[in-house]
1. Give 502, 487 a once-over and let me know the one that is surrounded by fewer than 19 Cβ atoms within 10 Å (Cβ to Cβ) and without any contact (Cβ under 8 Å) to a residue 24 or more places away in the chain.
2. With respect to residue 257, determine if the residue is in contact (Cβ under 8 Å) with a residue 40 or more places away in the chain, at positive phi, touching a helix residue (DSSP H, G or I) at 6+ places or on another chain (Cβ under 7 Å) and not charged (D, E, K, R).
3. Given the residues 449, 411, 427, which is the only one that is at pLDDT below 95 and hydroxyl-bearing (Ser, Thr, Tyr)?
4. Quick check on region 1-38: of everything there that is among the β-branched types (Val, Ile, Thr) and within 21 Å of residue 100 (Cα to Cα), which residue is modelled with the highest pLDDT?
5. Count, please, the residues in region 295-310 that happen to be in a loop (DSSP other than H, G, I, E, B) and either surrounded by fewer than 19 Cβ atoms within 10 Å (Cβ to Cβ) or of a type in the set (S, T, N, Q) (or both).
6. Does residue 540 satisfy being surrounded by fewer than 21 Cβ atoms within 10 Å (Cβ to Cβ), of a type outside the set (D, E, K, R) and assigned to a strand (DSSP E or B)?
7. Within region 373-394, restricting attention to residues that are in contact with a His (Cβ under 8 Å, 6 or more places away or on another chain) and of a type in the set (S, T, N, Q), which residue is nearest to residue 143 (Cα to Cα)?
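The values are calculated or read from the model by the stated rules, or taken from the named source; none is laboratory data. What you see is a predicted model; the values in this text were computed from it and never measured. With ideal geometry, Cβ positions are generated from the backbone for all residues, glycine too; neighbour counts draw on all protein chains shown.
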Amino acid sequence: MSGENPLGLLKGNILAHAFVNSMSEDQVETVVRKYALQNAVFFKGQANPKAVAGKVLGERPELRSRSAEVLEMVGSIVAEVNSLGLERQTAALADMDPALMVKQKKERRFELPELEGSEKVVMRIAPGPSGPLHIGHSRVAILNDEYVKRYDGVLINRLEDTNPEKIDPDAYDMIPEDLEWLDVKVHSTVRQSERFHLYYDTTRKLIEMGKAFVCICPGDSLKDLKAEMRGCPCRELTVEENLERFDRLLSNHYSEGEAVAVIKTDIAHPNPALRDFVALRIVEHPHPRTGDKFNVYPMMNLSVAVDDHLMGMTHVIRGKDHLNNTHRQEYIYDYMGWERPRFYHYGLVNIPDTVLKTSLIRQSIKEGDYSGWDDVRTGTLRALQRRGITPDAIRRYWIEGGIKSVDMQFSWENLFSMNRDVIDDASNRYFYVPSPQTLRFHGIDRVESHAPLHPDHPERGERHIIIREGDDVLLSPEDMALLQGSGMVRLKDLCNIELQDGAHYAGTDLSVLKKGVKVVQWVDQGSAPMEILMPDGSISSGRVERALMAEKGDTVQLERFGFVRLHHHGDKVSAVFAHR
C-alpha cells in the first residue's frame with residue numbers, strides 16, 4: 001500500500017450534524033464506515049446503503065429518532081467506499097477490525113414434520129438393482145434415514161430384484177456403497193429374489209378367500225375388459241378351479257404371456273388403475289442370482305405389500321406417482337387383515353440437464369462414450385462424489401425440500417450453493433490460468449506476491465511468489481485481451497503492469513482501480529501444469545500456482561474459476577470441476 005492509510009482515504013465530506021444521546025459525530029461516522037466497508041467487502045466492492053443503515057440502526061437503536069440524518073451520512077460514506085475498489089476496501093476493513101472480515105452465516109434450520117404414530121418406527125428404502133444410485137434416488141434414502149435417526153428406529157434396504165431383465169449384478173454391491181457414502185445407516189439388507197415363497201403363499205391364500213384368480217385370457221383382452229368395467233371369464237371360476245390353475249402356474253405348465261395371477265378389486269371402480277391388477281407373471285429370462293429356479297415373478301404391488309407387512313413397516317415415504325400403487329396394496333392389506341402402515345407421498349421432482357436412466361448410462365459405457373458409472377456427465381452419486389459434491393449438501397437439499405405433496409424443479413444451482421457452504425471453509429485458494437499466454441516481465445528488479453491460502457484463516461499461511469526482471473508471467477487469453485484493450489491491468493496481489501514490450505511494471509498504486517483498471521489472475525513461470533475435467537466431459541488445460549502441489553485438502557477454490565476436487569499425478573495436477 002506504499003505507506004497509505006486506507007482509512008485516511010475515506011475521510012472528508014462528512015455531514016456536520018449534532019447527534020444526541022452522548023454519541024459524537026465521529027462515533028457515528030465510525031459505526032457507519034465500519035458497516036459500509038464490511039458490506040462492500042462481502043458484496044464484491046459495492047455496499048448497499050439500505051443494508052448499511054439497517055446494521056447501524058440495529059447496533060445503535062438510539063439513533064432511530066435521527067434516522068434521516070443517519071441515512072444522509074450513510075449515503076455519503078457508502079459513495080466514498082464504493083469508489084475505492086475491492087482491494088482497498090478489504091485493506092481498510094482489515095485495518096479497522098479484522099474480525100469484521102469473517103462473514104457471519106445465518107444458520108437456517110429446516111426440519112421434517114413429525115411422523116404420526118412415531119413411538120415405533122420401521123422404514124425402508126427399496127431400490128431396484130439396475131445400477132448405482134443417482135441424485136433422484138438419494139431423496140427417498142435421505143428422508144427415510146432422517147426419520148429413522150430421529151426416532152431411533154430401523155431402516156431396511158430392500159433390493160427389489162424381481163425384474164431380471166433389468167438387473168445389473170454389480171448393483172448388489174454398488175447400492176450399499178452409495179448408501180454408505182450418503183451416510184445412510186442401513187440396519188439390514190434383504191433381496192426379494194430370496195422371498196418368492198412368501199409371495200406365492202400370500203397369493204394362494206388370496207385365491208382361497210376368493211380375492212384372486214388365475215387368468216389365461218390374452219393380455220390385450222384382459223386390458224380391454226377392464227376398460228369396459230367387465231371382468232374376464234376366469235374371474236368367475238371356483239376357488240378349486242383357480243387353485244388347480246395356480247398349481248399349474250407354479251409347475252411351469254404355462255409359458256410367458258399365457259397366464260397371470262390377478263387380485264380382484266372393484267371391476268367398476270371409477271379409477272381404471274384400481275380395477276383388477278396383476279399379482280404374478282411368468283418371466284422366462286434367467287435371474288442373475290437364482291438362474292432358472294423360478295419363472296413366476298411377483299409384480300411390485302404384491303411383493304411390496306407382503307414385505308412391508310412381514311418386515312413390520314410402520315411408515316412408508318414415496319413419491320405421489322405411487323398413489324395408485326398405495327391404493328392397490330391397501331386391497332391386499334385389507335383382504336389379509338393386516339394393519340396398514342402410514343403412507344406419505346411427496347411431490348414429484350424434475351431433475352434437468354443430467355442423465356439418470358441407468359440403461360442409457362450402461363449403454364454409453366459399453367459403447368465407450370462414458371468412462372464409467374462415475375462419468376461426470378451423469379447424475380449418479382458416484383459422479384457427484386467424483387466432482388466433490390458432499391453428502392452433507394445433498395442431505396440438506398432434500399431436507400429443505402421436505403415431504404410436501406407439491407411437485408418441485410430440482411435446482412443444481414441451489415445444490416451447488418449448499419455444497420459451497422460445506423466446502424468453502426476447508427478449500428484453500430489458488431490462481432489457475434487456463435490456456436495460458438506468456439509475457440516477459442520487466443521494469444523492476446523484483447516484486448513479491450503475498451496472498452493468504454484462505455482469507456478467513458491466516459493461520460494456514462500464505463502463498464509467496466517472487467517475480468524478477470526477465471521472468472515470464474502467464475495470463476489467460478481473456479485477460480490478455482483485456483490488457484491489450486486497456487493497456488494496463490493489475491496482477492492480483494502483486495502489482496500493476498502495462499503492455500509495453502511485454503509486461504512492464506507500473507507500480508503498486510491501488511488508485512488505478514478507481515480509473516477502471518481491472519484485476520486479473522496470473523501465474524509465474526514456475527507454475528505447474530493442470531488439467532480439469534469439466535461437467536460436459538471437456539478438459540480445461542492450464543497452469544496453476546506451484547504451491548498447490550503441496551496441498552493436502554480434497555477440494556480447493558481456483559479464484560475466478562471455481563471449486564475443484566483434486567487428483568495429483570506426479571508433476572501434473574489433475575482435478576474435476578465441482579461448481580463456481
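1. Working: 502 fails: without any contact (Cβ under 8 Å) to a residue 24 or more places away in the chain.
Sole residue among the options that is surrounded by fewer than 19 Cβ atoms within 10 Å (Cβ to Cβ) and without any contact (Cβ under 8 Å) to a residue 24 or more places away in the chain: 487.
2. No; evaluated as a whole, the condition is false for this residue.
3. 449
4. 32
5. Residues that pass the stated criteria total 1.
6. yes
7. Taking the candidates together, the pick is 380.
A quick yes/no check of all residues on (1) over 30 Å from the mean Cα position of the chain (by Cα); (2) within 21 Å of residue 246 (Cβ to Cβ); (3) not small (Gly, Ala, Ser):
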{"site": "290", "(1), (2), (3)": "yes, yes, yes"}
{"site": "298", "(1), (2), (3)": "yes, yes, yes"}
{"site": "302", "(1), (2), (3)": "yes, yes, yes"}
{"site": "305", "(1), (2), (3)": "yes, yes, no"}
{"site": "321", "(1), (2), (3)": "no, no, yes"}
{"site": "325", "(1), (2), (3)": "no, no, yes"}
{"site": "331", "(1), (2), (3)": "yes, yes, yes"}
{"site": "342", "(1), (2), (3)": "no, no, yes"}
{"site": "351", "(1), (2), (3)": "no, no, yes"}
